[in-house]
1. To make sure I understand, if each residue's beta carbon is the centre and we count other beta carbons within 10 Å, what order do A:Ser186, A:Ser696 fall in, fewest to most?
2. May I ask which residue of A:Leu8, B:Ala126, A:Thr478 lies farthest towards the positive end of the charge dipole of the protein assembly as shown, with charges of +1 (Lys, Arg) and -1 (Asp, Glu) on Cβ and the Cα centre as origin?
3. Just checking the output field for A:178-188: average partner chain Cβ neighbours within 10 Å of each residue's Cβ?
4. Over the whole of A:662-670, what's the average partner chain Cβ count within 10 Å per residue? Rounded to a whole number, please.
5. For the stretch A:470-612, state the semi-axes of the equivalent ellipsoid (square roots of 5 times the eigenvalues of the alpha-carbon gyration tensor), sorted largest first and rounded to whole angstrom.
6. Compute the distance from the alpha-carbon center of the stretch A:1-63 to that of the stretch A:707-770, in whole Å.
7. Find how much the distance from B:His4 to B:His44 grows on full extension, using 0.36 nm per residue of separation minus their present alpha carbon separation; answer in nm with one decimal.
8. Over the stretch A:622-770, how many percent of alpha carbon pairs lie in each 5 Å bin up to the one with the longest distance?
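Each value in this text was obtained by applying a stated rule to the coordinates, not by laboratory testing. This structure is a prediction, so every number in the text was calculated from the model and none was measured. Cβ: placed from backbone, ideal geometry, glycine included. Neighbour counts: every protein chain shown.
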Amino acid sequence: MNWVGRRLRRFEDPALLRGEGRFTADVAVGARAVRFLRSPVANGRITALRPPEDMPPGSLFVSAAELGAIGTIRPMLYRFAYRAVEQPILPADRVHFVGQAVAAIVAPSAAMAEDLLEAVTFDIGSETALVAMDDALHPGAPAVHAVAPGNVAVEGVMESPEAAAAFASAPHVVEIALRSRRQNASPMEGRGGCAQYDRATGRVRLTASVQMPHMLRTGIAELLSMPEADLQVIAPDVGGGFGQKMALFPEYAVLVWLARRYRGDFAWIEDRNENLIASAHSRDQEHRLRGAFAADGTLLALEADILANVGAFSAYPTTCGVEPLMAFAEYPGPYKVPAYAARARGVLTHTCPMAPYRGVSRPVITFGLERLMDVAAKRIGIDPVAIRRMNLVDSFPHRSATGLTLDEASYIETLDDAAQHLDIPAFRERQKAARAQGRYLGLGLSVFNERTGYGTPAFAARGMGVVPGYEVVDIAMTPNGEVELRIGASPHGQGLRTALAQLVADRLGIAPESVRVIHGDTDRTPYGWGSFASRAMVISGGASQEAADKLAARLRAAAAKILQSSADDITLRDGEAVAGNGSSIALAALAKQVHQRSDLFDGFNLAESAHYDPPGTFSNACHAAIVEVDPETGHVRIERYLVVEDAGRIINPLIADGQVRGGVAQGIANALFEEIVIAEDGNILTGTLADYTLPSAMEIPEIEIHHRETISPFTLTGAKGLGEGGSIGAPAAIANAISDALSPFGVELFEIPATPPRIRAAIRAAEARA
Amino acid sequence: MSRHVVTFTVNGVAQRVEVEARSTLADTLRESCGLTGTHLGCEHGVCGACTVLVNDIPTRACLMFAVQADGAAIRTVEGLAAPDGTLNALQQAFQDHHGLQCGFCTPGFLMLSTWLLERDEVLSEATLREALASNICRCTGYQGIVEAVRSAARKAGRWAE
């Protein structure tokens, strides 16, 4: 029986469907409630901060003064042009963004804590806020932090020697300027934690809605100078993360501090407004992109100037380099780029800090590169498919202009598949007929690769002080024959309990139902990094497979002893160990013997461990969108959305398709709907879900998925990661489709989200030019 | 804060709770009744994660005060499965069609869909999507949810082919 590749229904689902999942807020019922006082000012000096005069029993006030000497969050990048900004847990003197936590109130209920917040004496001397990157980069602009004069926190520069000459002599040089507006990952469950003090052991258990429980434990223990062994972090059921929940937020340190100081239980469950204004933002980027093309459309050189608004602080552990440096290293994407020049800067402003969000910079660089391809194709007078085909990497392994190794992929094949499914000539006829009736249809393509499952080298190349590369998996068989798989990764919706069980079941010849995947608990799992960067299936999956193979070897050795055979002669299948001569023993009986008959199996056990740290692999896809744009209103309707994706070996197609569709939905939101709008004074104008518009079932169309499986030689399982691809490809496909639809007006779209007002403005501007 | 005694039934079980006038139905279900299956996603009536049925009408439990529910018959996600935990047809369809990933919005979608399937109306793709647009899911892209409810509606003879 082969379990890998089957659409197995998820083991996670029944409890969640019965409302019996256990999320952080469910654990928090009964704990004292913590609410945070947040700065209404983006930049200023705290001139007064005092607790309410009337503090009822059971209530507490905590500010920097109460916390005393504790550490600051100061993530490191070991590179020349990095300014390490320090973030206090609660600020003693200055605030740096609207929403920054300034003090905490504890009360028996959240409602009482909120009442008390209103009675805190809090005055700030407000100073000019730097919100826009232009203002922060303006010569003579005040520094957001004294350590970073000029407000550039991190910078990368590279130029291949041939780049300048290529631009000087190229028949076509195409230059575009791109803008991606700020987004919030917006998991349906916001952040939150519940710190519980155990008086018997003196330990604290922090249950929190996070993606990296081990990292959080290490980070908090360092901040509070406490023994790490006295802290247990549990990520229970987590209601989505998408990168936002990777960061060590100051609020979690306050919870653990409270639990230790007052020897009790304290919970903070953020509300939606806190999540929108004060968690972590992303994608606030501006690029200037130039491509040098030969007469036939061959790309000769690429030049990128990348600005990323990283906000007021640097998120731990990924740092403020995560967006600018990823764009810098990965801009060439799936294309042959003979010469490359780039400069990337992370710009400090008085805004909410940037942290990873699904795809990190790749939705933006794909938007840039794929817009460039369409604009260049039009300029040169060739077809959008043709310009991509001639420039896509077609021999592997390919060493990119930035030194990355692209493993076997299907860039051209997925493009060709998409073109065939779309029947582009037929679409062009339909488009023509529609235009004659005053209807504007457009088709947009987006080809990209996604670096996934990368271990140490990718993070080390960035110079990260914390290198979240490897994963460890511990495996053991119980005396009753069930398998316990303990993983350092921390899934939160990705179905890893099911997919890893499938993988392990095949290696051990057992049913997936008898595999228990244990995760999200620092007491019960080996040290590991978590679920992010499309890595869990590749890295935890690889470690799981290796651990299972080691356990299989032990089972075969044990069975050989009982069956009087040799280990090589034993096969594991259908829950039994079977010898070549047909004699067999059930694995449950075998496991019981190994555990209980130490007279026979002296010093032998059924526990193994595996460590995996792969170099990384590239999954790839071609997305295509057909849209209809109403030029009168600027409204965009998606008529068809198609994905041809290649993530290597698919362990569970049901889960894989769900990952693609969910990613595409977020990418469509990125392209059309979602934007954190910040006023000049630094206040956020989109502080509710009525203003920050997450798309519903009316906006997200059915998403058609086709697969290719190019097995990766760079991963143990042959699988490549696919968690982020959907969100990476969609903005470019939509933006290209809108530009194609509006080509009769001369509109080229370079800003996302392409909201109706922006589309109308682009049409008006084009009409004014004409 | 003055406290008020409120009585209602939840999933057929009589409940008597003492609440502040400002306590929402959602907080009351979670904290006073111990029914944490009803989730709070936004607490301002947009996301629909907290949807419960109040006298058989889908209701944002975050926008209703507990005192307003006095005397009402309330149904929550905990009431859907059989006592032994066996999923009902709608819940099973959600699992079969991968209509959930993180599962946080799921109780709200299940209660909304329960109402949709109990109405004496035939659903179509358009009416289904319009109704499901009451709630927000961040993980699935909705397709699994649409397929799950469509399949359950088909089995119940409420789907316009």
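1. A:Ser696, A:Ser186
2. A:Thr478
3. Details: counts 0, 0, 0, 0, 0, 0, 0, 1, 5, 5, 18.
Whole-number average of other-chain Cβ neighbours for A:178-188 is 3.
4. Working: counts 10, 2, 2, 7, 3, 1, 1, 1, 0.
If you average over the peptide's residues, the count of other-chain Cβ atoms is 3.
5. Working: eigenvalues 161, 43, 28 Å².
After diagonalising the Cα gyration tensor, the semi-axes are 28, 15, 12 Å.
6. The distance from the Cα centre of the stretch A:1-63 to that of the stretch A:707-770 comes to 35 Å.
7. On the way: separation 40, 0.36 × 40 = 14.40 nm, distance 2.33 nm.
Gain on extension, B:His4 to B:His44, equals 12.1 nm.
8. 2, 9, 17, 18, 16, 14, 10, 7, 5, 2, 1, 0
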